[in-house]
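The values are calculated or read from the model by the stated rules, or taken from the named source; none is laboratory data. Predicted model, so just to flag it, every value in this text is computed and none were measured. Glycine gets a Cβ as well: all are built from the backbone with ideal geometry, and neighbour counts include every protein chain shown. Only protein heavy atoms, including side chains, enter the accessible area calculation; ligands, DNA and RNA are left aside. Shrake-Rupley method; radii C 1.70, N 1.55, O 1.52, S 1.80 Å.
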Amino acid sequence: MDKAMNKSKLVTVLIPCFNMEHKLPRLLESLYNQTSRNFQIYIIDDGSTDNSPKIITEYIDKFHSININLNYILKTNSGVASTINYGLKYVNTDFFCLPDADDYLELNYIEECSNYLINNKDCSIVFTKCSVFYESFKKYPCAYFERKDKFKIQNNLIVNDFIWEKNVYFCPNYMIRTESFKKANGAMEIFCKTRGGQNFQMIFPLLFNYKVGYIDKPLYN
């Protein structure tokens, strides 16, 4: 691992993965073709038993050729919350995001989200509009996840929405400011005795003390 290369980056893309051989290449290609190359990748493999490890290792040199480190870490299977918890210790950049291995990003996702956080220093997290597709038909989205009150994102409204699961979507269509997350969660850990609930745990501690941003564009798929 080229640590000097990693430390110069702005964003860490942390990907939990388990048996995603048929879908992971789509995400990796969307990362390879990003308009910004100011990021590093950590794939935390939760004990895959398919060809995911082979696919990931084949991409390492491809990313290195464009000055992006793809770091592959294999662990014993214990669920997605534990996998993210394991990966958080590797975040050493200003911002980070957590795309699911079966999702993919629009090619300007890294650029737009990181620029938003750079230009809005009082925001701890920025969400984007999210396109939803049928796996069997990817030409057009069948739905969008978006905030209906996109221009009224005061923290008290968002906290209320998260408590009642109203007008919020627990998919990882967000980028987090690392400094804010560390202040809200000094241990950089989430509860991992469950096999889920990771997005709620990542988001909720940030809503009380910081502003939340929203990009009204479908940047996450």
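Go through the stretch 48-83 and give me each residue that's under 22 Å from Gln34 (Cα atoms) and assigned to a loop (DSSP other than H, G, I, E, B).
Residues satisfying the conditions are Ser65, Ile66, Asn67, Ile68, Asn69.
Go through (1) under 22 Å from Asn173 (Cβ atoms); (2) open to solvent by 20 Å² or more (accessible area, probe 1.4 Å) for Pro53 and report which single condition fails.
If we test Pro53 against (1) under 22 Å from Asn173 (Cβ atoms); (2) open to solvent by 20 Å² or more (accessible area, probe 1.4 Å), just (1) comes out false.
Write out, first by first residue and then by second, each pair whose Cβ atoms fall under 9 Å of each other, whose residues are 6+ apart or on separate chains, and whose first residue, in the stretch 171-186, is part of a loop (DSSP other than H, G, I, E, B) and modelled with pLDDT under 90 while the second is of a type in the set (D, E, K, R) and open to solvent by 10 Å² or more (accessible area, probe 1.4 Å).
Final answer for the pair search is Cys171/Asp100; Cys171/Asp103; Pro172/Asp100; Pro172/Asp103.
Of a type in the set (A, V, I, L, M, F, W, C), open to solvent by less than 60 Å² (accessible area, probe 1.4 Å) and at pLDDT 95 or above, is that true of Leu14?
It is true that Leu14 is of a type in the set (A, V, I, L, M, F, W, C), open to solvent by less than 60 Å² (accessible area, probe 1.4 Å) and at pLDDT 95 or above.
Quick one: Gly79 ticks every box in (1) over 21 Å from His22 (Cα atoms); (2) over 14 Å from the mean Cα position of the chain (by Cα); (3) surrounded by fewer than 20 Cβ atoms within 10 Å (Cβ to Cβ); (4) touching a residue at least 40 places away in the same chain (Cβ under 8 Å) bar one, so which box is it?
(1)
Out of Asn69, Asn115, Asn119, which single residue is open to solvent by less than 60 Å² (accessible area, probe 1.4 Å), over 14 Å from the mean Cα position of the chain (by Cα) and modelled with pLDDT of 95 or more?
That would be Asn69, the only listed residue that is open to solvent by less than 60 Å² (accessible area, probe 1.4 Å), over 14 Å from the mean Cα position of the chain (by Cα) and modelled with pLDDT of 95 or more.
Name every residue in the stretch 206-221 that is open to solvent by less than 40 Å² (accessible area, probe 1.4 Å) and either modelled with pLDDT under 80 or in a helix (DSSP H, G or I) (or both), in order of residue number.
Residue satisfying the conditions is Leu206 alone.
Output the residue which, of all residues in the stretch 18-35 that are touching a residue at least 60 places away in the same chain (Cβ under 8 Å) and either touching a Ser or Thr at 6+ places or on another chain (Cβ under 7 Å) or not in a loop (DSSP other than H, G, I, E, B) (or both), is most open to solvent (accessible area, probe 1.4 Å).
Only one residue tops the list, namely Phe18.
Can you name the residue in the stretch 122-135 that is aromatic (Phe, Trp, Tyr) and surrounded by fewer than 20 Cβ atoms within 10 Å (Cβ to Cβ) and, of all such residues, is farthest from Asn185 (Cα to Cα)?
Tyr134
Looking at the structure I just gave you, is Ile44 assigned to a strand (DSSP E or B), surrounded by 14 or more Cβ atoms within 10 Å (Cβ to Cβ) and either touching a residue at least 60 places away in the same chain (Cβ under 8 Å) or in contact with a strand residue (DSSP E or B) (Cβ under 8 Å, 6 or more places away or on another chain) (or both)?
For Ile44, the condition - assigned to a strand (DSSP E or B), surrounded by 14 or more Cβ atoms within 10 Å (Cβ to Cβ) and either touching a residue at least 60 places away in the same chain (Cβ under 8 Å) or in contact with a strand residue (DSSP E or B) (Cβ under 8 Å, 6 or more places away or on another chain) (or both) - is met.
Can you list residue pairs whose Cβ atoms sit under 9 Å apart, with the first residue in the stretch 93-110 being farther than 17 Å from Ser8 by Cα and the second being open to solvent by 10 Å² or more (accessible area, probe 1.4 Å) and of a type in the set (Val, Ile, Thr)? Count only pairs 6 or more apart in sequence or on different chains.
So the pair list comes out as Asp100/Val80; Leu107/Thr35; Asn108/Thr35; Tyr109/Thr35.
Tell me which residues, restricted to the stretch 46-69, are of a type outside the set (S, T, N, Q) and over 13 Å from Pro25 (Cα atoms).
Asp46, Gly47, Asp50, Asp61, His64, Ile66, Ile68
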